[in-house]
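Q: Could you have a look at this structure, given as structure tokens, before my questions?
The values are calculated or read from the model by the stated rules, or taken from the named source; none is laboratory data. Quick caveat: nothing in here was measured; it's all calculated off a predicted structure. With ideal geometry, Cβ positions are generated from the backbone for all residues, glycine too; neighbour counts draw on all protein chains shown. The protein model used for the area step is the full one, side chains on, heavy atoms only, and it has no ligands, DNA or RNA in it. Shrake-Rupley method; radii C 1.70, N 1.55, O 1.52, S 1.80 Å.
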Amino acid sequence: MEHDDESEILKGMFEEIMKMIRQKQIRIESIMQKATEQDIITQDSFNRIYKMLGEYGKKKQWV
């Protein structure tokens, strides 16, 4: 159950992050830096988000 809750939170974060990036409100680097500095996310979560963003960028041919 705990893993499902975390997955839903990450999914929601991802969607909100992508919305903000598309609207040019914030850069990915800024989001990740603040989240890790403030211990909002664990290293494992950071790695998962980074991987998701990388895969999304490849699918959209941004990278």
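Q: Please report the accessible area of GLU29 (heavy atoms, 1.4 Å probe, ligands and nucleic acids excluded) in Å², nearest 10.
A: 110 Å²
Q: Can you give the local net charge around ASN47? Use residues other than it whose beta-carbon is closer than 14 angstrom to its beta-carbon, Lys and Arg +1, Asp and Glu -1. All intermediate terms of the calculation are to be shown ahead of the outcome.
A: Details: positive: ARG48, LYS51; negative: GLU6, ASP44, GLU55.
Value of the local net charge: -1.
Q: Return the calculated 222 nm mean residue ellipticity for the chain, to the nearest 500 deg cm²/dmol, obtained by summing -39500 (n - 2.57) across DSSP H runs with n ≥ 4 and dividing by the residue count.
A: Only helices count here, giving -25500 deg cm²/dmol.
Q: Continuing with this model, one more query. Taking N as the number of residues in the chain, what value does Rg over Cα atoms divided by 2.2 N^0.38 Å take?
A: Values: Rg = 11.9 Å, N = 63, 2.2 N^0.38 = 10.6 Å.
In units of the globular-protein estimate, the chain measures up at 1.12.
Q: Now for a different question. If you roll a 1.4 Å probe over the heavy atoms of the protein chains, what accessible area per residue do you get for the chain, in Å²? Intermediate results must be reported in sequence, preceding the final value.
A: Values: 5270 Å² over 63 residues.
Computed with neighbouring chains in place, this is 84 Å² per residue.
Q: Sticking with the crude label model, points 7 Å out along Cα→Cβ, report the distance from GLN38 to LYS51 in nm, one decimal please.
A: 2.6 nm
Q: When the accessible area of the chain is split by element with a 1.4 Å probe, what percent falls to carbon and sulfur? Write down the numbers at each step before the final one.
A: On the way: 2690 of 5270 Å².
It is 51 percent, rounded to a whole number.
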